[in-house]
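See structure below.
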Amino acid sequence: MIIQLTGLVQYPITLDPSVWIFDDRKIHFDKAFTDRQTASIDENEDVKKAAQFWDREVYQQKLDPPVNKSISSLQKREILEGTYVMPIRPFIQNAEVQESARFAKIHTDEDTMEVNLPQLQDALFLFAQNGKQLKEGGPVHIYFADGSNKDEPITHVRKIEFL
């Protein structure tokens, strides 16, 4: 199941949460709200990580045959059993929401609700529970960064329309 980002955006985007389990941006659910202040990513760290990744990729391409770093069995088990959220901000940035947009409408199977943009930009998509895609209430649940809806997230999300 997919989620669409539409409306006042430069690039309408279709998201497929089924592949996020392999994304390095995912955050373990238990750490998402406790480490929220420290979880705001330092851009310098991102640049350093990207540079290290690039250097490693260039080095590995020089090897014959190329060597790929595989994940350990412990990491694999953690991924297959973990509950994860994904920050929404990178997807909103990629869609390039127009400056005239003031809020977003979240379309679910049952309802439509309005959310202000800053609150949505800091929100998180829950996409995997106990290592499995969300079947019940999925494809994603939306949690606000302040934890205000931690007990009652927005479920059955199908589309986010920027207005």
| task | Name the single residue, out of those in the stretch 125-163 being of a type in the set (Ser, Thr, Tyr) and in a loop (DSSP other than H, G, I, E, B), that is surrounded by the fewest Cβ atoms within 10 Å (Cβ to Cβ). | result | 148
| message | For the structure I just gave you, tell me whether residue 103 is surrounded by 12 or more Cβ atoms within 10 Å (Cβ to Cβ), modelled with pLDDT of 70 or more, in contact with a Ser or Thr (Cβ under 6 Å, 6 or more places away or on another chain) and within 25 Å of residue 150 (Cβ to Cβ). | response | no
| Near pairs, Cβ below 9 angstrom, 6+ apart or cross-chain, from the stretch 147-163 (free of Cβ contacts under 8 Å to residues at least 40 places away in the same chain) to any residue that is in a strand (DSSP E or B) | 149/142; 149/143; 153/126; 153/141; 153/142; 153/143
| query | Tally time: how many residues in the stretch 88-124 are under 18 Å from the mean Cα position of the chain (by Cα), hydrophobic (A, V, I, L, M, F, W, C) and more than 17 Å from residue 9 (Cα to Cα)? | reply | 2
| request: Return yes or no: is residue 85 surrounded by 13 or more Cβ atoms within 10 Å (Cβ to Cβ), among the aliphatic types (A, V, I, L, M), under 28 Å from residue 8 (Cα atoms) and under 15 Å from the mean Cα position of the chain (by Cα)? | output: yes
| said: Of everything in the stretch 142-163, what is under 16 Å from the mean Cα position of the chain (by Cα) and under 22 Å from residue 96 (Cα atoms)? Give them in sequence order. | reply: 142, 143, 144, 145, 157, 158, 159, 160
| message | Please verify whether residue 97 is of a type outside the set (Ser, Thr, Tyr) and at pLDDT below 95, treating the condition exactly as stated. | response | no
| said: Condition (residue is modelled with pLDDT under 65, within 17 Å of the chain's Cα centre (by Cα) and either charged (D, E, K, R) or on the phi > 0 side of the Ramachandran plot (or both)) applied to the stretch 9-27: is it met by at least one residue? | reply: no
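The values are calculated or read from the model by the stated rules, or taken from the named source; none is laboratory data. Owing to the predicted nature of the structure, the values given are computational and were not obtained by experimental measurement. Note: ideal-geometry Cβ built from the backbone for every residue, glycine included; neighbour counts use all protein chains shown.
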